[in-house]
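A short worksheet on the structure shown next.
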Amino acid sequence: MSITNESELIGMKRISKIVGTTLKQMREYAKPGMSTKELDEFGGNILKSYGAKSAPYETYGFPGYTCISINKEAAHGIPSEKKILKEGDLINIDVSAELNGFWSDNGGSFVLGKDIHNHQPLVDASKQILYKAIKSIRGGVKISEIGYLIETEAKKSGFKVIRNLAGHGVGRSLHEEPENILNYRVKTNRERFKKNTTVAIETFISNKSTIAVELNDGWTLVGNRGGYVTQHEQTILITDKSPIILTDSNEIWN
């Protein structure tokens, strides 16, 4: 969305802080032996305490307040009492919500406890690439150039990108224009980032796959060639200089 006045900025800052805080607290609450359903209920209660509504539930009827993906699940994992967290699991939590007509979105992957399966390099690559990408965004920059940066940095780290998952505009709804802020360059895309707009920038970094495919449950995505995928996401306000990171309360870079 375009931010045209102070009240819109306040609205976006408020919901962004809520989803960022929820993500941070869920990450800290996650423990081995806990079900993803319990973790999701914890996050849902935080959103409710602020009066915010779960965006995937409100928009798509998703069966959970948040998306929690474990290990070889790339995205949109359904919270379940049958999915029990274990030491060393690769976990991704994606939290998006609405409050007073404003929507915001953020996410992050992390290793639960000790990194016994060596997932941390993939997590770190995703985090660092997102940081670098966001710092390169300002009004007038081509969207395709950020995609090029993300894929180039992934290759440097020995990884790939998921080509059919993307960042997007956000603000008055969960997904707005620009719809495809991809993790690679499409040379024919001449679209540029616009000053004073809010967008969700996200990395999808993989060790084997390049396409996410949907499982029979109609939600969960996995890599087409197996392996693991990490994701980090921030909602930002584009300016003439470095963007304002609206969801920085998630502390994903700390």
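The values are calculated or read from the model by the stated rules, or taken from the named source; none is laboratory data. Every value quoted in this text rests on a predicted model; they were computed, and no experiment measured them. In this analysis, Cβ positions are derived from the backbone assuming ideal geometry, glycine residues included, and neighbour counts consider all displayed protein chains. What goes into the accessible areas is simple: the full protein's heavy atoms, side chains included, and nothing from ligands, DNA or RNA. Shrake-Rupley method; radii C 1.70, N 1.55, O 1.52, S 1.80 Å.
Structure values in brief
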item	result
Hits in the stretch 187-200 - residues which are open to solvent by 70 Å² or more (accessible area, probe 1.4 Å) and not basic (Lys, Arg)	THR188, GLU191
Unmet requirement for PHE62, which otherwise passes all of (1) outside any strand (DSSP E or B); (2) open to solvent by less than 10 Å² (accessible area, probe 1.4 Å); (3) closer than 20 Å to ASN250 by Cα	(3)
Restricting the stretch 217-241 to residues that are over 21 Å from PRO79 (Cβ atoms), in a loop (DSSP other than H, G, I, E, B) and touching a Ser or Thr at 6+ places or on another chain (Cβ under 9 Å), the residue that is most open to solvent (accessible area, probe 1.4 Å)	ARG225
Filtered residues of the stretch 22-50 (kept if buried (at least 19 other Cβ atoms within 10 Å of the Cβ), part of a helix (DSSP H, G or I) and not charged (D, E, K, R))	THR22, LEU23, MET26, THR36, LEU39, GLY43, GLY44, ILE46, LEU47
From ASP94, ASP105, residue being in contact (Cβ under 8 Å) with a residue 24 or more places away in the chain, in a strand (DSSP E or B), open to solvent by 20 Å² or more (accessible area, probe 1.4 Å) and under 17 Å from VAL19 (Cα atoms)	ASP94
Positions within the stretch 1-12 being surrounded by fewer than 22 Cβ atoms within 10 Å (Cβ to Cβ) and in a helix (DSSP H, G or I), in sequence order	GLU6, SER7, GLU8, LEU9, ILE10, GLY11
Residue in the stretch 201-216 that is within 19 Å of SER96 (Cβ to Cβ), of a type in the set (Ser, Thr, Tyr), open to solvent by less than 40 Å² (accessible area, probe 1.4 Å) and assigned to a strand (DSSP E or B) present	yes
Residue within the stretch 148-164 that is out of contact with any Phe, Trp or Tyr (no Cβ under 7 Å at 6 or more places or on another chain) and touching a residue at least 60 places away in the same chain (Cβ under 8 Å) present	no
Cβ-Cβ under 7 Å pairs, at least 6 apart or on other chains, the stretch 114-125 side under 11 Å from ILE205 (Cα atoms), far side among the hydroxyl-bearing types (Ser, Thr, Tyr) and open to solvent by less than 10 Å² (accessible area, probe 1.4 Å)	LEU122/THR230; VAL123/SER109; VAL123/THR230
Where ILE150 falls short, out of the listed (1) surrounded by fewer than 19 Cβ atoms within 10 Å (Cβ to Cβ); (2) in a helix (DSSP H, G or I)	(1)
Odd one out for SER126, checked against (1) closer than 22 Å to LYS241 by Cα; (2) surrounded by 22 or more Cβ atoms within 10 Å (Cβ to Cβ); (3) under 13 Å from the mean Cα position of the chain (by Cα)	(1)
Qualifying position, being surrounded by fewer than 19 Cβ atoms within 10 Å (Cβ to Cβ) and either under 18 Å from the mean Cα position of the chain (by Cα) or at positive phi (or both), among ILE15, ILE70	ILE70
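Table: residues versus (1) out of contact with any Lys or Arg (no Cβ under 8 Å at 6 or more places or on another chain); (2) among the β-branched types (Val, Ile, Thr); (3) more than 21 Å from ILE143 (Cα to Cα).
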position	(1), (2), (3)
ASN189	no, no, no
TRP219	yes, no, yes
GLN231	yes, no, no
SER242	no, no, no
ILE252	no, yes, yes
